[in-house]
Amino acid sequence: MRAAVFRGVGEPLKIEQVDDPVPEAREILVRVEACGACHSDLHVMKEHFIPMDEGQILGHEVSGRVAAFGPDCRNPQGLQEGDPVVVSWIASCGTCPECSRGEENLCRFLEMPGLTPGRQGGLAELLAVPEHTVIPLPGSVPLDIASVLSCAYGTCFNALRNRGALRAGESVAVFGCGGLGLAAIQLAATFGAAKIVAVDILDAKLRLAEDLGATHVINAATTDPVDVILDLTDQRGVDLVLEATPEPQLQSSLEVARRGGRVVVVGLHALGTRVPLHMMGFSMYNLTLLACLGYSPSRDLPPLVALVATGRLDPSRIVSRAFPLEKVNEAYAALEGGEVARAIVQVR
Ligand SMILES: [Zn+2]
Ligand SMILES: [Zn+2]
């Protein structure tokens, strides 16, 4: 098969012919349709996380079609060859105590296709993954666009619905309008948030945020977001804050949360990131500070897919550009340059 292969820190990905993966016990082989380009991949390429072996195939936002079943598949979802699917990047074991509690993203034996050494990713024609991480897609969902559901949208679904416990009518502030932040804004609108304040330093992203449901936008390069958000809420603060910036400014998030409010930090941060905090307001106002990395595929992806299938969520609105596999490096350059909210790589 053809694949985009990691050949070292700072090197562009190389399109190479590699051996087809063979699905192991209880794995499904997926013929990849599309794979989203995500900031986490850039972290890997620059070694901000654990070092990655040369020869690794990156890519973890995958959609495609079932190509074959490995031995011993139980196939509880009744999948058949050729069925359209979205693949979770949470390759959990499915049986450890965390998985059994429904917290598959905390799996003790977690592997992440394209993000953990040896577990190959989706910037390739074929991908072998555990069967319970493959979720069927209704025919009404565009197959290439569905790739973005597995990372940004899945994480923000978990951040708003489970971690942040967002209720209809509440107010939300989102710091950072990259792929994660924009997905969060769109989902918050879908969930019935009354006030959605978007904060970024790029006007183009703030315009997109407005299109996706933000009721107020703030350019933090020119305006202090804390003052504006407090003014917008009668000095009360918002119910829920989502911090979706690569370099979190947690202090501002805590200052715009209402008394008893919640702050959820989404995504991964580079190794060594440290954040100083003033503890007074945090303790005085009984704030809740939570992290959210990923989601539980079997719990969170089916309802997310249903939102798309019923037309209540349109993920194509954050996908600004599509690139063929040969131009995979251009997709990451566009992402890094802030030109796109989300770019997808069409593998097929
Ligand atoms: Zn990602
Ligand atoms: Zn597990």
Within the chain, helix-based [θ] at 222 nm, where runs of 4 or more DSSP H residues each add -39,500 (n - 2.57), nearest 500: -6500 deg cm²/dmol
Cut-off under 5 Å, modelled amide H: who pairs with V238 long-range: A257, R258
Number of Lys pairs (Cα under 25 Å; 8 or more positions apart or on different chains) in the chain: 6
Built amide H within the under 5 Å cut-off of V263, gap 5+: V241, T288, L289, L290
Cα centroid of the stretch 189-268 to Cα centroid of the stretch 130-173, whole Å: 20 Å
Distance from the stretch 80-94 to the stretch 324-344 (C-alpha centre basis), Å: 24 Å
Residues whose placed amide H lies under 5 Å from that of A128, excluding near-sequence neighbours: V30
Per-residue HN-Hα couplings for the stretch 318-333 [Karplus 6.51, -1.76, 1.60; θ = phi - 60°; Hz; x = Gly/Pro]: 9, 8, 7, 8, 10, 10, x, 3, 4, 9, 4, 5, 5, 4, 6, 5
Estimated vicinal HN-Hα couplings, Hz - the stretch 88-101 in sequence order (Karplus 6.51, -1.76, 1.60; Gly, Pro = x): 6, 8, 8, 8, 7, 7, x, 10, 5, x, 5, 4, 5, 7
Overall form of the stretch 155-292 per C-alpha gyration tensor (a/c, 1.5; a/b vs b/c): rounded
Whole-Hz ³J(HN,Hα) from phi, Karplus 6.51 cos²θ - 1.76 cosθ + 1.60, for the stretch 126-135, glycine and proline x: 9, 8, 9, 9, x, 5, 6, 9, 9, 10
Ranked list, fewest to most other Cβ atoms within 10 Å of each Cβ, for C156, C93, C107: C93, C107, C156
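Relative to the present Cα-Cα distance, how much length would full extension add between H278 and A168 at 0.36 nm per residue of separation?
Values: separation 110, 0.36 × 110 = 39.60 nm, distance 3.05 nm.
Answer, rounded to one decimal: 36.6 nm.
None of the figures in this text is laboratory data; all of them are computed from the coordinates on show. These numbers were taken from a predicted model, which means no experiment stands behind them. So basically every Cβ, Gly included, is an ideal-geometry build from the backbone, and we count neighbours across all protein chains shown.
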